[in-house]
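The values are calculated or read from the model by the stated rules, or taken from the named source; none is laboratory data. Here the structure is a predicted model, which is why all the values come from computation and not from measurement. Please note: Cβ atoms are built from the backbone with ideal geometry, for glycine as well, and neighbour counts cover all protein chains shown.
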Amino acid sequence: MKPLQIALLGAGTVASGVVKVLARNQEELQRRAGRGIALAAIAARNPDKARAALGDALPITTDFMALATRPDIDIVVELMGGISPARELVLAAIAAGKHVVTANKALLAIHGNEIFAAAQAKGVIVAFEAAVAGGIPIIKAVREGLAGNRIEWIAGIINGTTNFILSEMRDKGLDFATVLKQAQALGYAEADPTFDIEGVDAAHKATILCAIAFGVPVQFDKAYVEGITALQAADIRYAEQLGYRIKLLGITKNTGEGIELRVHPTLIPATRLIANVEGAMNAVVVQGDAVGPTLYYGKGAGSEPTASAVIADLVDVTRLHTADPEHRVPHLAFQPDAMSDLPILPMDQVVTAYYLRLRVADQTGVLADLTRILADEGISIDGLIQREAGEGEHQTDLIILTHDTVEAHMNAAIGRMQTLPSVHAPIVRIRKEELR
Ligand code: NDP
Ligand code: HSE
């Protein structure tokens, strides 16, 4: 049987991994898929650069649209990133009856509903394993392996760049800018690294996980997004002293009233496996009602780890492309006519615990004022440490850990505490999850 013909759009980090791994594992892949998978051509805007990275064994074109819609192409693999022209190319490929494999979480988190509807109407597959957690097969696990469960929550380290930055800053005492440059050189960071450090990339991935876990449409615009740029070394140190690590977590939870969808730095107990995930590694905990907690760990970024996921999708599509579309796994795990309209909750309705750091006057009554405000707002204190003021110092750091509370109550409490004359600097608030 003639091998399936693949068109690659883009010739960067992930594309070069795909070219290498496809060539290296060709025979094994044919045995798995039952049919050859052949790269027909690559579209690159700079052919010389593409040839330098990928060699000159394959035809290279600069006409992306012509390649994406070429009659002999069976599967279009979009590895350009960004929204436009990726969206137009993917939609054109679908309209031309091609299956699509993409690693583009930004595109799917924002335009996934449109793209999946177009694919459904045309009877083609859009596969996106590489879009979340790089090489970890988390899409397959949630969509298929855990299909017997009602998913309760998912929490994950789903951005390799920020986890690499936090690990290197903590372990080697390196500064933020130096480590970010290293992450870029290692091919972890997005073309625009602010997407990584401001939490946007993790939010794209959390949005996709949320959709396939709970059977809701992708709703990136409803996600709460906070990155790591405001994190201070002092809080990383205090967290350690209290037995916690700070990680940028993507969290999505079904509360019954609605769905939480949020990305922010989070204190997690240092004893949890996920707290010990370092460097560019990713890890995702999925809590199902039947199975309990499951943990998925692996490389979340980089050329060949991401290629591993792209090629798994190619094998899946090769196996399934002649199957009746009705018998394929639905794009968002649930049948398109059985999607839920459970709302994404606004952040002030989210329930979580908190770490607060306050710079306060070292004087009688300060603690009483603060704890009274917390009690007034119905917030229960879980732990508290006060750093001893040094010789001649009149201010000190006070760290308060709270039990779970509604974010709106915490906002009110912080607002009131901040107005006390004894509180000398903006209060630092970091959310805390026990992940039990
Ligand atoms: P790169 O920036 O390394 O490669 C992107 C490629 O697409 C380059 O060849 C680039 O050309 C080309 N390209 C980008 N924009 C355009 C455009 N507007 N028109 C034409 N060509 C364009 O990105 P990656 O390989 O790292 O990422 C590819 C996709 O995979 C992204 O969606 C990313 O989010 C996703 N991803 C990446 C991972 C990683 O570890 N790197 C992991 C998981 C997913 P040029 O070289 O000229 O800029
Ligand atoms: N920039 C992303 C990260 C790439 O650092 O995780 C993988 O999606």
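Observations on the structure shown:
- Among the residues making up the range 121-160, those that are touching a strand residue (DSSP E or B) at 6+ places or on another chain (Cβ under 7 Å), within 16 Å of ligand 1 (Cβ to nearest atom) and in a loop (DSSP other than H, G, I, E, B) are Phe128, Ala133, Gly134, Gly135, Ile136, Ile158, Asn159.
- Pick from the range 82-94, criterion among the hydrophobic types (A, V, I, L, M, F, W, C) and outside any loop (DSSP other than H, G, I, E, B), ranking: nearest to ligand 1 (Cβ to nearest atom): Ala86
- Against the test of being buried (at least 23 other Cβ atoms within 10 Å of the Cβ) and within 16 Å of Gly215 (Cα to Cα), the options Leu261, Leu342, Leu249 yield a single qualifying residue, Leu261.
- Residue match in the range 281-288 (condition: in a strand (DSSP E or B), over 30 Å from Glu114 (Cα atoms) and free of Cβ contacts under 8 Å to residues at least 40 places away in the same chain): no
- Residue within the range 162-177 that is touching a strand residue (DSSP E or B) at 6+ places or on another chain (Cβ under 6 Å), within 13 Å of ligand 2 (Cβ to nearest atom) and outside the structural domain of Asp313 (by TED's automatic domain parsing) present: yes
- Considering residues of the range 279-292 that are buried (at least 16 other Cβ atoms within 10 Å of the Cβ) and away from ligand 1 (no atom under 16 Å from the Cβ) only, the residue nearest to Tyr188 (Cα to Cα): Val285
- Those residues of the range 364-403 which are in contact with a Ser or Thr (Cβ under 6 Å, 6 or more places away or on another chain), in contact (Cβ under 8 Å) with a residue 40 or more places away in the chain and not in a helix (DSSP H, G or I), in sequence order: His403
- Filtering the range 415-436 to residues that are under 29 Å from the mean Cα position of the chain (by Cα) and touching a residue at least 12 places away in the same chain (Cβ under 8 Å) leaves Ile427, Val428, Arg429, Ile430, Arg431, Lys432, Glu433, Glu434, Leu435.
- Residues located in the range 178-199, provided they are over 17 Å from the mean Cα position of the chain (by Cα) and either within 27 Å of Met80 (Cβ to Cβ) or touching a residue at least 12 places away in the same chain (Cβ under 8 Å) (or both): Val179, Leu180, Lys181, Gln182, Gln184, Ala185, Leu186
- Matching residues, the range 161-218, being outside any loop (DSSP other than H, G, I, E, B), touching an Asp or Glu at 6+ places or on another chain (Cβ under 6 Å), of a type outside the set (A, V, I, L, M, F, W, C) and within 16 Å of ligand 1 (Cβ to nearest atom): Thr161, Thr162, Asp196, Asp201
- Within the range 227-241, if we keep just the residues that are over 21 Å from Thr178 (Cα atoms) and buried (at least 18 other Cβ atoms within 10 Å of the Cβ), the residue that is farthest from the chain's Cα centre (by Cα) turns out to be Tyr238.
- Listed conditions (1) farther than 21 Å from Pro325 by Cα; (2) of a type outside the set (A, V, I, L, M, F, W, C); (3) surrounded by fewer than 23 Cβ atoms within 10 Å (Cβ to Cβ) are all met by Glu114, apart from (1).
- Single residue of the range 46-98 satisfying the filter (acidic (Asp, Glu) and modelled with pLDDT of 95 or more) that is surrounded by the most Cβ atoms within 10 Å (Cβ to Cβ): Glu78
- Residue identified as of a type in the set (A, V, I, L, M), under 30 Å from Arg32 (Cα atoms) and either assigned by TED's automatic domain parsing to the domain that holds Asp404 or under 20 Å from the mean Cα position of the chain (by Cα) (or both) among Val285, Val277, Val315: Val285
- Taking the range 242-272 as the range and being under 20 Å from the mean Cα position of the chain (by Cα) and hydrophobic (A, V, I, L, M, F, W, C) as the test, the residues that pass are Ile246, Leu248, Leu249, Ile251, Ile259, Leu261, Val263, Leu267, Ile268.
- Hits in the range 4-42 (condition: among the β-branched types (Val, Ile, Thr) and either touching a strand residue (DSSP E or B) at 6+ places or on another chain (Cβ under 6 Å) or within 16 Å of ligand 2 (Cβ to nearest atom) (or both)): Ile6, Thr13, Val14, Val18, Ile37, Ile42
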